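Beneath this line is the structure, given in structure tokens, with notes to follow.
The values are calculated or read from the model by the stated rules, or taken from the named source; none is laboratory data. Computed from a predicted model, the values in this text were never measured in an experiment. Here the Cβ positions follow ideal geometry from the backbone for every residue, glycine too, while neighbour counts run over all protein chains shown. The area values use the complete protein model at the heavy-atom level, side chains included, leaving out ligands, DNA and RNA. Shrake-Rupley method; radii C 1.70, N 1.55, O 1.52, S 1.80 Å.
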Amino acid sequence: TMAKNTSRQAIEKRIEKALQCLEEGDMEDAVFNIAPIIDVVAKERYKDKKRVGDRIKDFIFDEQHLIYYLSTQGKISLPEGIRIVLANHEDVDNPVGNHGGELSDFIYHNIRCAQTHDAEIDYDLIDFGRNFGIGRQKFEGDGGELASGVFIISSATILALILSVICAPENRKISLPGNITLYKKIQLDKNKLVGNKGYLMTMLRLLFEVDS
């Protein structure tokens, strides 16, 4: 069921706006629009968790296979339940930040909370302009060298967060007409995506097989 205080139309509008912002290259506004819907889904999924931060971090952890798969062009497929700690390649024993260093902590504190509380993202810590990549994983020809202590949140990472919300079973009653074209290669039927992660992963595997 959908959260009582958030209408289906409001969720649909936020998702469509996030997709539009991402297509226009405005990653901050894309995050701004999808973050409240992550809150809605997480609240419904983890009813026993009282703290917002715990719910959102659990959601990101649950969706990290998709996040990593899309962010790395299908090159990293995480086993279920694995915990990713972000650390400099040069200093792997010291996780980044003051929040445990896990991917879910990093995205929550530096993306979601930055927008909610500070109204801006810390560009001294986050490389926010690449097409692909996540953490310290970057791709040749996509952005320059990555400075020590800086971590990638790419356009593909934001897209993965949006798609994870569309595919969430908690949102299965929404309606999203039209298609999403991914990297000029394949089209995703938005209504087929609703509540259907299996369809998404099948299409992503097709996308990256074609691309390889």
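Given the conditions (1) polar (S, T, N, Q); (2) open to solvent by 50 Å² or more (accessible area, probe 1.4 Å); (3) at pLDDT below 75, and given that residue 115 satisfies all but one, which numbered condition is not satisfied?
(2)
Sort through 29, 39, 58, 54 and tell me the only one that's within 21 Å of residue 183 (Cα to Cα), open to solvent by less than 70 Å² (accessible area, probe 1.4 Å) and acidic (Asp, Glu).
When all the criteria are applied, what remains is 29.
Counting just the residues of the range 143-172 that are without any contact (Cβ under 8 Å) to a residue 24 or more places away in the chain and of a type in the set (A, V, I, L, M), which one comes out least open to solvent (accessible area, probe 1.4 Å)?
146
For the range 183-212, enumerate the residues that are hydroxyl-bearing (Ser, Thr, Tyr) and crowded, with 18+ Cβ neighbours inside 10 Å.
Residues satisfying the conditions do not exist here.
Please state which of the following conditions residue 140 fails to meet, knowing it meets all the rest: (1) at pLDDT below 90; (2) open to solvent by 70 Å² or more (accessible area, probe 1.4 Å); (3) touching a Ser or Thr at 6+ places or on another chain (Cβ under 9 Å); (4) in a loop (DSSP other than H, G, I, E, B).
Unmet for residue 140, out of (1) at pLDDT below 90; (2) open to solvent by 70 Å² or more (accessible area, probe 1.4 Å); (3) touching a Ser or Thr at 6+ places or on another chain (Cβ under 9 Å); (4) in a loop (DSSP other than H, G, I, E, B): (3).
Identify the single condition in (1) of a type outside the set (D, E, K, R); (2) under 23 Å from residue 104 (Cβ atoms); (3) not in a strand (DSSP E or B) that residue 152 does not satisfy, given that it satisfies every other one.
If we test residue 152 against (1) of a type outside the set (D, E, K, R); (2) under 23 Å from residue 104 (Cβ atoms); (3) not in a strand (DSSP E or B), just (3) comes out false.
Answer with yes or no whether residue 75 is at pLDDT 90 or above, open to solvent by 50 Å² or more (accessible area, probe 1.4 Å), more than 27 Å from residue 185 (Cα to Cα) and assigned to a loop (DSSP other than H, G, I, E, B).
When the stated conditions are applied, residue 75 does not pass them.
Where residues in the range 139-172 are of a type in the set (D, E, K, R) and within 20 Å of residue 63 (Cα to Cα), which of them is nearest to the chain's Cα centre (by Cα)?
170
Checking residue 195 against (1) touching a residue at least 60 places away in the same chain (Cβ under 8 Å); (2) over 16 Å from residue 18 (Cα atoms): exactly one of these is not met. Which one?
It fails just one condition, (1).
Just the residues that are open to solvent by less than 40 Å² (accessible area, probe 1.4 Å) and of a type outside the set (A, V, I, L, M, F, W, C), please, taken from the range 119-135.
Residues satisfying the conditions are 127, 130, 133, 135.
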